[in-house]
Amino acid sequence: MRAPAGPRRWHAELAWLARTAPDGSMAGGVAHDVLIEADGARFAKVAPGTPAARLPPGTVRLPGLTLPGLANAHSHAFHRALRGGAAASGRPSGDNTFWTWRDRMYAVAERLDPGRYFTLARAVYAEMALAGVTCVGEFHYLHHGPGGTKYSDPNEPGRLLIAAAAAAGLRITLLDACYLAAGFSPAGEAVPLAGAQLRFGDGSAAGWAERVSEFGCDALGMVAPHARLGAAIHSVRAVGPDQMPEVLAWAHAHAAPLHAHLSEQPLENAECRAAFGATPAEVLYEAGALGPRSTAVHATHLTARDIELLGGSRTAVCMCPLTEADLADGVGPAPALAAAGSPLALGSDGHSVIDLIEEARWLELSQRLVSRVRGHFAPADLAVAATVSGHACLGWPDAGEIVPGAYADLVTVPLDSPRLAGGAAGDPLAALFAAGTAADVRHVVAGGVDVVRDGHHLLVDNVPGELGAAIAAVLG
């Protein structure tokens, strides 16, 4: 990413200035006429009520509503190649399930080489930037070449993802996933990896830790000014409880975030109970893998005890409502998790759509469908999930708020688009999450640097063209 060119100023017609209070709650709201100043990559001053007639020279005007940068807390960049191609035929069938979709995903993974992966990831991250995302959590498990052959640099794919994020103007947390088994037998014995899965595995958690340690990150997991390393347990299906301590030890040594897919499918839960006599959440809890630096992804099929363990440990939960709908996963108990103490974040996961505004809307709408009750989350709750909580669970607690000292990330949407015109006067934040989309994003600043201006990506000239070419190269 380019370094910011000295101090900068913006004047937001409206800006969401909610900030974290000492008790962890959010205070504040939408303010008018906000002068925002940055010194380098971070905000230096935020002054609501500054008349437009009194602006310093060189101030950039931001008409509409401005928010902090959005955080996409769960991404698998290469899954973007599956958009549309794995869609439902229009009728339920036994050959169109999450598990058959997974087979198609494995086929895409088999076709990726480092060059294709970089080109695809750069275009996917550029699409995210156009949607207002300034930080991405890449849940990365495509570590090796075909058949599990190691690259000369064993972390080459991960380094290319970090480079792709920089080329698209994003910060990134590379959540390097430990993936050791294709499942577990009822006796708790690991089912060996096969086919495309061989590209994911390191043989053991000790082998995973040895490879990740070769990244050369500092004590806080930073590998570049825009990038940090995190750890991931792919799932309880892929990493048994006896292997988890190695992953936890690495994460603790680097104060790194720890993410894990959790209870995405009922079959996952049933197999986990058969193998280990406990739910996936209970297995992670007993291993010491839950806590304030941990994030459970999906958390769709939970027991009351699971919710208690996640909330009581302050484990964040990243929900991906559009992917969960696309794959017919189900609807997770988001209100109960939030009430129990779990911060909620959002991710686009398989990228059936890349739109954090839409993900936030469906966090609410999916609950309406299953409960037949409206109003589970206030607009500010949805905004927190898309900004503050997402950044925090990726290890960037100093982002996601427009406050002095935070990363200078801004996303501006006009309020006169076909979707928002006429409905934003009373409560622009509510209007945004009721009807806005990624198509409404006009300006994006990440770390004080313009990334999107007037809806055009400034670093990747033709995002649709690059996406099309990159996907064609992967799919052949």
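The values are calculated or read from the model by the stated rules, or taken from the named source; none is laboratory data. Just so it is clear, the model here is predicted, and its values are computed rather than measured. Every residue, glycine as well, gets a Cβ built from its backbone with ideal geometry; the counts of neighbours run over all protein chains shown. Heads up: the accessible areas ignore ligands, DNA and RNA and are worked out on the full protein's heavy atoms, side chains in. Shrake-Rupley method; radii C 1.70, N 1.55, O 1.52, S 1.80 Å.
Here are the numbers:
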{"item": "Three-way shape label, region 280-416, alpha-carbon gyration tensor, a/c 1.5", "result": "oblate"}
{"item": "Considering only the chain, percent of DSSP beta bridges that pair antiparallel, nearest 5", "result": "45"}
{"item": "Charged-residue dipole, Cβ positions (Lys, Arg, Asp, Glu), region 232-349 about Cα centre, Debye nearest 20", "result": "320"}
{"item": "Rg to Rh quotient for region 414-476, alpha carbon positions, Kirkwood Rh", "result": "1.13"}
{"item": "Largest-first ordering by accessible area, 1.4 Å probe, given options Glu286, Glu271", "result": "Glu286, Glu271"}
{"item": "Portion, in percent, of the accessible area of the chain that falls on carbon or sulfur, probe 1.4 Å", "result": "56"}
{"item": "Accessible area expressed per residue, the chain, with surrounding protein chains retained (probe 1.4 Å, Å²)", "result": "37"}
{"item": "The chain: relative contact order in percent, alpha carbon pairs under 8 Å with at least 6 residues between", "result": "20"}
{"item": "Burial order of peptide ranges 317-328, 144-155, 342-353, 70-81 (average beta-carbon count within 10 Å, highest first)", "result": "70-81, 342-353, 317-328, 144-155"}
{"item": "Relative contact order (%) - region 220-320, alpha-carbon pairs under 8 angstrom, separation at least six", "result": "26"}
{"item": "Mean Cα-pair separation over length for region 276-377, i.e. relative contact order, pairs under 8 Å, 6 or more apart, %", "result": "24"}
{"item": "For Ala73, residues with placed amide H under 5 Å, excluding near neighbours", "result": "Gly137, Leu346, Gly347, Ser348"}
{"item": "Net charge dipole size for the chain [Lys, Arg +1 and Asp, Glu -1 on Cβ; Debye, nearest 20]", "result": "760"}
{"item": "Probe 1.4 Å, all protein chains present, accessible-area order of Tyr285, Tyr125, largest first", "result": "Tyr285, Tyr125"}
{"item": "Nearest 10 degrees, 0 to 90: helix 156-168 Cα axis against the chain principal axis", "result": "20"}
{"item": "Summed side-chain charge close to Gly455 - residues other than Gly455 whose Cβ falls under 15 Å, Lys, Arg +1, Asp, Glu -1", "result": "-4"}
{"item": "Ellipticity estimate at 222 nm from DSSP helix runs (n ≥ 4, -39,500 (n - 2.57)) divided over the chain, nearest 500", "result": "-9500 deg cm²/dmol"}
{"item": "Helix 463-475 vs. the chain, principal-axis angle (Cα, 0 to 90°, nearest 10)", "result": "10"}
{"item": "Proportion of all alpha-carbon pairs of region 239-306 beyond 15 Å (%)", "result": "50"}
{"item": "Volume in Å³ per residue [convex hull over Cα atoms, computed for region 117-250]", "result": "109"}
{"item": "Reported label for calculated volume of the Cα convex hull per residue in Å³ given (1) 141; (2) 129; (3) 178", "result": "(1)"}
{"item": "Signed unit charges on C-beta, dipole axis of region 283-435, positive-most listed residue Phe377, Leu322, Trp396", "result": "Phe377"}
{"item": "³J(HN,Hα), Karplus 6.51/-1.76/1.60, whole Hz, each residue of region 330-347, x for Gly, Pro", "result": "x, 10, x, x, 4, x, 5, 5, 4, 5, 7, x, 8, x, 9, 10, 10, x"}
{"item": "Folded to 0 to 90 degrees: helix 98-111 orientation relative to the chain principal axis, Cα", "result": "90"}
{"item": "For region 233-287, size of Cβ-based charge dipole, Lys and Arg +1, Asp and Glu -1, in debye", "result": "60"}
{"item": "Solvent exposure ordering (accessible area, 1.4 Å, most first) of Glu246, Glu401", "result": "Glu246, Glu401"}
{"item": "With all protein chains modelled, accessible area of Arg442 [1.4 Å, Å²]", "result": "90"}
